[in-house]
Amino acid sequence: MQSIYDPILEEIRKKDVALDLGASFQGEYGAGVAYTIGESVAFGGLLYVCIQSSTAQQPDIATGYWSEITSKGEAGPQGLQGIQGIAGSQGLQGDQGITGPQGEQGIQGVQGESGSAAATSIGVDGLYFDSDLDSGFVKTGADNIAIKTGAIDALTLDASQNATFSSDVIITGSLNGLDIKQNNNNSLVLGGGAGVALSGDSENVIVGVGAADVAVTMSKSVVIGKDALGAGAYSGSGYVVIGHEAGNSLTSSMPGVLIGQNAGKSVTNRHNVVAVGADAAKNAICNAGNVYIGYSAGINSGGGANCIYIGNSTAAQNSGGSDNVVIGASAANSTQNLSGSVVIGKGALQSGNGTSTNNVIIGDGAGKTLSSGGGNVLLGHDAGAQLTTESDKLVVANSNTLTPLIAGDFSNNNLGINSTEYGSGAGVLALANVTTAPTSNPTSGGVIYFEGGILKIRTPTGVYTVNVTAA
């Protein structure tokens, strides 16, 4: 059998070169390799044999060193297709494509069958339903709904009661006889037990379980919230009561506004009262004309009138004073008998627990430890914060200090600049020694000051000492 190497060996014999393919084949040609006679290499798909020892002699060019002993064969036939490889993992989801055009409108469906007729009241312009949907309108029962917009004459709800409804909408959790609505006109009532005791009312809005459930007569009022206006046998008009148990004890009153959970809960028969905020005037025994705005504003205040309290816990304990304006969180929070005063600022007059009248206190923390006294004017942050029971004081400062920038005593008409030492005088001006004496002359007028107890005047022309003789 002919060997595949026989043609190659034949070519080698022709060139008179010895070749042992097993021992002399050096693989692919390397430019930096030294080759000796008889060694063979592969290059460019052909086989070459070294006929003269060399280095860096490329076989296809250096024919004096290499001899081609094979020619490149023709391309063989295509091999069989290999087996299919294992499927790869799923790639990431691509971006959503553009929304396609809207499809054509479908054909109209078949019309459904007509429903059964609803139960209606015979001979009445209204529409009534009960839980059993029986014929006619409801006479007695619970969990019923009645809706009426036109007039109904002598509508009988049970065997013993008659009522006339006109332009009303009534939605309630109970229609137990006439108790629910009597002589209603232009009113909206919504909620189980709402307005159950009303014997006459008009133009009201009552919403909430138990809202106005003890009220006897009312008109032109708005009551919204569970048990709002719910405990007092109220008789009045023009009130707005919104919030859980707001105005719970109100019995009679002229127009007023109570908004917020427990707002004005203990107010009884006062009018023109405004309380806005949870627990605002909750336990207050207030008189007419008071305004409470803020959480717990005037929560335990007494019977004062014509007061304005604005801010969380403002004037919370004022027991009986009138004619006040108090603005600021916790302002006059503990004062028990404040009247005729203006208090503005967070924590101003905060700790006073006695009688305080006719004060003007403005500033965060101003007069915060003043427990009693009156006729004071305190202006500035912490102004007069060290006063306790004083009266008729003037303090202008921006810190808690015993020597304010401006001090005064209204009872003796004294005024002090950085000093409260009036020498037991009245109608005097007290000046403290300067901290730093002026070093330049003013362009006009003069500067008056004490330096080391000596009165001096500095003018545009220089410093002058006032010579005085002790009396």
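Data overview
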read-out: Cross-link pairs beyond the 29 Å C-alpha cut-off, checked among LYS226/LYS368; LYS220/LYS265; LYS265/LYS393; LYS226/LYS346; LYS220/LYS346; value: LYS226/LYS368; LYS265/LYS393; LYS226/LYS346; LYS220/LYS346
read-out: Nearest-0.05 FRET efficiency for LYS220 and SER444, computed from C-beta distance (R0 51 Å); value: 0.15
read-out: Sorted peptide list for 90-100, 296-306, criterion being average Cβ within 10 angstrom, highest first; value: 296-306, 90-100
read-out: Bridge type composition, region 360-436 - antiparallel percent by DSSP, nearest 5; value: 45
read-out: Gain in span if fully extended, ILE454 to GLN78, counting 0.36 nm per residue against the direct Cα distance; value: 122.9 nm
read-out: Global form of region 356-438, assessed from the alpha-carbon gyration tensor, a/c cut-off 1.5; value: oblate
read-out: Order by protection proxy (mean Cβ within 10 Å, highest first), peptides 35-48, 358-371, 432-445, 379-392; value: 358-371, 379-392, 35-48, 432-445
read-out: Extension gain, GLN90 back to PHE43 (0.36 nm per residue minus Cα-Cα distance, nm); value: 12.6 nm
read-out: Label-point separation, SER319 to SER53 (7 Å along Cα→Cβ), nm; value: 13.0
read-out: Stretch gain in nm, segment THR36-LEU429, where the contour uses 0.36 nm per residue and the Cα spacing is subtracted; value: 128.8 nm
read-out: Two-site label geometry, VAL205 and SER399: point separation in nm, points 7 Å out along Cα→Cβ; value: 5.5
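None of the figures in this text is laboratory data; all of them are computed from the coordinates on show. Quick caveat: nothing in here was measured; it's all calculated off a predicted structure. Virtual Cβ from ideal backbone geometry, glycine too; neighbours counted across all protein chains shown.
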